[in-house]
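One structure is given below, encoded as structure tokens.
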Amino acid sequence: MLTDTACKNAICPAGKTRLRLPDSGGLYLEIAPNGSKRWFAKYRFVGKEKRLALGSYPEVPLKAARAGRDAARKTRETGADPVQARKAELIAKRVSAAVTFKTVTEEYHEKKASDWSKVHAAQFLRCCEKDLFPWIGALPLRDISAPILLDTLRRVEARGATQLVRDLREFAGQVFMYGIHTGKCEGNPARDLVGAFKTHTVKHMAAVLTPAKAGELMRGMASYQGQPTTKVALLLSALLFQRPGNIRSLEWAWIDLDGAMLTIPAEAMKRAKAGKLNGRPHLVPLATQAVAALRDIQPLTGHGRYVFQSLRSGDKPMSENTVNAALRGMGYSKDEMTAHGFRAMARTIMVENIAGIDPDVIEAQLAHGKSGPLGSAYDRAEYMTKRKSLMQTWADYLDQLRSGAKVIDFRAA
């Protein structure tokens, strides 16, 4: 039986190619002339003598070498070849190391991105890179358990980003399901975390919701002293009540001033990719006030692509923060009014204060999709007539509010 002292002091005699020091059960330490020492375990398999390498001494001490020998004996007793079992184990480890959460996520993203909108594809990868890869990106996919994923998502929850936690759990779940389908893992720990996080409370964008407050806002916009294009962007946000991204990226090619119509292409709308590719454009009738405002700034930006050009680069639209920054400059905090709030302002005030307004017509003009047989009705000519009337009625009502006339708070009444 070997001892640690004997292993430490053993040297290969001069003139010999190697020295083997036996222990027990087929285990021995092989010493080379250069001083290297390696453990081997002899065994017989299918009538042939074979040996299994167990590592180098002293990195693998005597006790660990004996444990390796015993494990090989148990493997042989099951009818398997310890050498082949070791090779299979090493291959599995290499494959597992290569199949990390990061590599599988990137593979999944590459395969799915063409089916997603550009915005969703970019958001998916950006969120994973920022909040998942730093913590679990390097881990083999099959080694990530529910507690490991939970710990990662708790970091995000601690920042108060409850919606992001939900998104990340969903994104991770998609990666694990892809891993299951492709044989890279066997379970989906994200599915086990349903209900493990704080409930996300939807916070609506701040908006002015009474006629009196809307009148104050319109007067403030009329006296705005900033960039002329920003002033018009504020006015059109109120008149058209379209999504802020659509307002800031308006293109002159979309606008027919003589026909008083804005046509936003399907690909520019907030829709799923199928809707962007196959859907109809969104039509926005222009009230006379909107046409006048656009004609006013046409000499300034009409030579370019965008109605509201970036001050830094004429080939890009204004920043997404421009309208919000203008509102802050007018004295409105982010808890009082936002660029997106013009949509809620229009819908709420019209429904509550203007007689004869059909809520479905407002929803159509907001580009809120409607399922069922009435969905396609929004594009019929007679429905468009109602929308044209709606947009002019709203513009005239805002003029009345700005002048201080006929200001009636329906809810207070």
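Every number here is computed from the coordinates shown, using simple stated rules; none is lab data. Just so you know, these numbers come straight off a predicted model, no measurement behind them. For neighbour counting, all protein chains shown are included, and Cβ atoms are generated from backbone atoms with ideal geometry for every residue, glycine included.
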Please enumerate, by chain and number, the aspartates and glutamates with C-alpha under 16 Å from the C-alpha of K102, excluding those fewer than 8 residues away in the same chain.
E110, E129, D131, D143, E170
Between I354 and A122, the two model label points (7 Å from Cα along the beta-carbon direction) sit apart by a distance in nm of 3.3 nm
Taking only Cα atoms, what is the 0 to 90° angle, nearest 10, from helix 288-301's long axis to the longest principal axis of the chain?
60 degrees
Looking at the square roots a ≥ b ≥ c of the eigenvalues of the Cα gyration tensor of region 63-147, which shape do they give, rounded for a/c under 1.5, prolate if a/b is larger than b/c, or oblate?
prolate
With each label point set 7 Å from Cα along the Cα-Cβ vector, what nm distance links A64 and T78?
2.2 nm
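Which whole-number percent is the relative contact order of the chain (Cα, under 8 Å, 6+ apart)?
Details: 502 pairs, mean separation 50.0, N = 413.
Answer for the chain is 12 percent.
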Pull up the cross-link candidates among the aspartates and glutamates for K63, meaning alpha carbon to alpha carbon under 19 Å and not fewer than 8 places away within one chain.
D4, D23, E30
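State the extension gain, in nm to one decimal, for the chain segment bounded by A325 and A292, taking 0.36 nm per residue of separation less the distance between their alpha-carbons. Don't skip to the answer; put the middle values down first.
On the way: separation 33, 0.36 × 33 = 11.88 nm, distance 2.42 nm.
Here the segment from A325 to A292 would lengthen by 9.5 nm.
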Cα gyration tensor shape of the chain, rounded if a/c is under 1.5, else prolate or oblate by comparing a/b with b/c
prolate
Under the rule of at least 5 residues apart or a separate chain, name every residue whose amide H is placed under 5 Å from the amide H of L54.
W39, F40, A41
Assuming R0 = 30 Å, what is the FRET efficiency of T393 and W252, from their Cβ-Cβ distance, to the nearest 0.05?
0.70
Can you work out the PRE-style zone for R219? Point 7 Å along Cα to Cβ, and I want the residues of region 327-360 with backbone N under 19 Å.
327-333, 337
Connecting every pair of Cα atoms under 10 Å apart in the chain and solving the GNM, the largest mean-square fluctuation among K102, K16, K386 falls on K16
By how many degrees, between 0 and 90 and to the nearest 10, does the Cα long axis of helix 162-181 differ from the longest principal axis of the chain?
50 degrees
Between S403 and T103, what FRET efficiency comes out of the Förster formula 1/(1 + (r/R0)^6) with R0 = 51 Å and r the beta carbon distance, rounded to 0.05?
0.20
What angle, in degrees between 0 and 90 and rounded to the nearest 10, separates the Cα long axis of helix 211-222 from the longest principal axis of the Cα atoms of the chain?
90 degrees
If you take the beta carbon distance between S36 and N9 as r and set R0 to 22 Å, what does 1/(1 + (r/R0)^6) give as a FRET efficiency, to the nearest 0.05?
0.90
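Would you mind checking K213/K316; K118/K386; K231/K316; K118/K388; K16/K48 for any pair whose Cα atoms are more than 22 angstrom apart? Each step should come with its number before you reach the end.
Details: K213/K316 33 Å; K118/K386 34 Å; K231/K316 18 Å; K118/K388 32 Å; K16/K48 26 Å.
K213/K316; K118/K386; K118/K388; K16/K48, as the Cα separations exceed 22 Å there.
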Subtracting the Cα-Cα distance from 0.36 nm times the residue separation, let me have the gained length for S145 to T182 in nm, one decimal.
11.5 nm
